[in-house]
Each structure stands twice: as structure tokens, then as C-alpha cells.
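One structure is given below, encoded as C-alpha cells.
Every number in this text was worked out from the coordinates using simple rules, so none of it is lab data. Remember, predicted model here, so these are calculated numbers, not experimental data. Counting neighbours? That spans all protein chains shown, and the Cβs are built from the backbone with ideal geometry, glycine included.
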Amino acid sequence: MPRLCLLILLYLAPISFLKAEGSGKPVLHPMDPREWFGNYKIYTAASQRTLEQGDPEEHYRLGKWAWDHGLEDEAWEQWILAVNIEPDHSESRKAMGFVESDGHWTRPGEVNREWVKKIDKAGGGYSFTIAIEDDADTAFFDEFSWRIKRLNWFIWDLTEGQVYLKNIRVADKTSKGRFVIEKGKLHLTLLDGGGAICYNSGRPNWVVESGGRCYVRIFCHEFFHGIFGLPDERHGCACLMQGGLYGIKTTQISMCDVDTHIDDFVTPTPCWTLIKDRFPKMVHPNPASYGKAPEVNITVENY
């Protein structure tokens, strides 16, 4: 069965969080939906004005406001715009988690190359095509490449260094890919119908269809439906597979295990248990010093 992941439609979340509060297990505290929608509306109006100004400082400031008001992906949109105008815009680079070293901006930490070789041998490095059915321009590819990079970092952290994106081909004017950016949804936001849906969850022929501005957290959620066959959590877990997380940042999310899962008859099994059932060689918690995520190799084919 396909699973539709739109944050705004998961109306069961408030009840679930109330249930989770009495469990003694880690829970998330999402923003009130009305507050989140209000912040989103303010951001949308401000982003148009900021785009017309073309000032990296204004993009940075709006990004910081968005971050502080529960709009993580919107914050990144602004910081990316800032560094596109001024590549060494230090405030935006730092806001995105980069540090300067020898004149270059890099993510902190080191890649454990030997560990990555083991992960590759175990099949944890994924390579596939992201198909864009519309005719995309260079600006879209540049911004979307940032989403892929962020997705890769997020996947690596959530799987404790055991899954990552190795080679990703992004091509427009085609529908043949593991991820498909649907026709007419190139620039759609989440609220305009630019969410994502996974078909054939957990099967070899899984595919994700989405909008071009789908949130990175939702891309990851759907990717885990595809490769792990995980169900949607609806019962308060502080987990990526939980829905309705208004204003929650990716750094606050993990994958639930036997210690953190909120048990329920609908989803009785923790995500990590399901992951290890499907991939017995994966471990949790992972004691290895796996380092930061290796950078994903992105190939753009702009037809």
C-alpha cells in the first residue's frame, strides 16, 4: 500500500503524543500546527521580498528567522541562496554547519575510509537515478543537489554509519528513476502538494514520487519505507517514521529501538528491530567510530 507523507495531514499526532507522555520514554514536542502555519505564511511573504533584493545578508537573516520558528528546510533555502550569491558568506556557511579550514568550507569531522569500504562491501552504499519529469533549469539542479547532500548526511547519521548515498544521477525530462519528481511539481512546496509517496515499500521495485521542494526529512522517511519496509509510526515515538512533527528539526529525530519505541497494536515492533530483521549484519547501537558521511557523488544531466 502506498504511504502518503504530508506533515499537514497526519491529524492523529496530537493524540499520539499525549499517549506517549505517560510512557517514560523519549518523546518529541511538536509545534502547535496553527503556530507553524502562521510562521510559514510569514516566511512565504518575506521570502519573495528577500529574493527580489538579492542581498545575502537578508537571505541569512530570513534563514535564521525560519530556523528559530520551526522551518528547517526553508532556513536552508535561504542560506543556500546566500552562498550562491556570496560563496564565502561566513554566517550562512556556519549556520549550515560548515567550518573554514585552509580557505575551504567543510563539514567538521573526518570520513573513516576503511569503514566506508566495509559498508560498500555490505551493500550499504546506494546508487540510483532521481528522475525529474519536467524540464529543470540550472538553478533548480543547484538547489536540489543541496537536498541530496543533506539527505545523505541524515541517512548516515540515522543508520549510525551503515547506509549512505554513493552515486546519485539526477536527470530531467524522464520518469525512469527510484525517485521521481512528478510533472508539474517541480517547484511545489509541501503545503501546495509537494510531499512524497512510496510505492512497493520494502520490495525490490520500490519507488518514491514527490515534489521538487519536498522536505529532506520526508525524502528520508520515504527512502526508509523503500529499503527497509518500515511502517509509519503513529504512537509518539521520537522517530523519523513518526508523522505530524511540526517544527521538529532533523537533529532531534532518531530511529526508535526497544528502549524508545512506544508500543501499540498497530506498530508493535521498533524500527531498529525491523531493520536488523531485514539486514542482519547491521548493528545498533553501532560501537564503531564510523566518522562523518562520505560525500555523495552527484551527476546532473540537464537535457
| field | Amide H contacts under 5 Å for Cys239, placed H, 5+ residues apart | value | Ser254
| Of Ala288, Cys237, Asn84, which is farthest on the positive side of the dipole of the chain, counting Cα position, with +1 on Lys and Arg Cβ, -1 on Asp and Glu Cβ, and the Cα centre as origin? | Ala288
| said: Given a 10 angstrom Cα cut-off, can you work out which residue in Pro56, Pro231, Pro87 is the most mobile in a GNM of the chain? | reply: Pro87
| task | Take the chain, connect every pair of alpha-carbon atoms lying under 10 Å apart with a spring to form a Gaussian network, then pick out the residue of Thr174, Thr106, Thr273 with the largest mean-square fluctuation. | result | Thr106
| task | Using Cα pairs closer than 8 Å and at least 6 residues apart in sequence, work out the relative contact order for the stretch 192-248, in percent. | result | 30 percent
| query | If you place +1 on the Cβ of every Lys and Arg, -1 on the Cβ of every Asp and Glu, and leave all else neutral, what size is the dipole of the chain about its Cα centre, to the nearest 20 Debye? | reply | 1040 debye
| message | Can you compute 3J(HN,Hα) from phi for each residue in the stretch 151-165, using the Karplus curve 6.51 cos²θ - 1.76 cosθ + 1.60 with θ = phi - 60°, rounded to whole Hz and x for Gly and Pro? | response | 4, 4, 4, 5, 4, 4, 5, 5, 9, 6, x, 10, 9, 7, 8
| task | Identify which of Asp232, Asp32, Asp172 has the largest mean-square fluctuation in a Gaussian network model of the chain, with springs joining Cα atoms closer than 10 Å. | result | Asp32
| note | Ordered by number, the chymotrypsin sites (Phe, Trp or Tyr not before Pro) in the stretch 204-288 that occupy a DSSP loop and have at most 14 other Cβ atoms within 10 Å are Phe265
| note | A correct Karplus calculation of ³J(HN,Hα) over the stretch 104-117, with 6.51 cos²θ - 1.76 cosθ + 1.60, θ = phi - 60°, whole Hz and x for Gly and Pro, returns 10, 9, 9, 6, x, x, 10, 7, 7, 4, 5, 5, 4, 4
| Given the pairs Lys183/Lys292; Lys149/Lys173; Lys25/Lys64; Lys176/Lys276; Lys25/Lys94, which span a C-alpha to C-alpha distance of over 26 angstrom in this model? | Lys183/Lys292; Lys25/Lys64; Lys176/Lys276; Lys25/Lys94
| query | When the helices in the chain are scored as -39500 (n - 2.57) per DSSP H run of 4 or longer and the sum is shared across all residues, what 222 nm value do you end up with, to the nearest 500 deg cm²/dmol? | reply | -12000 deg cm²/dmol
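As a test of the definition: which semi-axes, in Å, follow for the chain when you take the square root of five times each eigenvalue of its alpha carbon gyration tensor? Largest first, please.
After scaling each eigenvalue by five and taking roots: 28, 24, 21 Å.
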| Dipole axis of the chain (+1 Lys, Arg; -1 Asp, Glu on Cβ), positive-most option in Pro268, Gln53, Gly109 | Pro268
| query | Which FRET efficiency value, to the nearest 0.05, do you get for Ala139 and His29 by plugging their Cβ-Cβ distance into 1/(1 + (r/R0)^6) with R0 = 51 Å? | reply | 0.90
| What residues qualify as long-range amide H neighbours of Glu301, i.e. H under 5 Å apart, gap of 5 or more or another chain, H built at 1.01 Å from N? | Val170, Ala171, Asp172
| message | Restricting to DSSP loop positions (anything but H, G, I, E, B) with no more than 12 other Cβ atoms inside 10 Å of their own Cβ, which trypsin sites (Lys or Arg not before Pro) remain in the stretch 265-303? | response | Lys281
| task | Per residue of the stretch 194-205, in order, report the coupling 6.51 cos²θ - 1.76 cosθ + 1.60 (Karplus, θ = phi - 60°) as ³J(HN,Hα) in whole Hz, putting x for Gly and Pro. | result | x, x, 9, 9, 9, 9, 6, 3, x, 9, x, 9
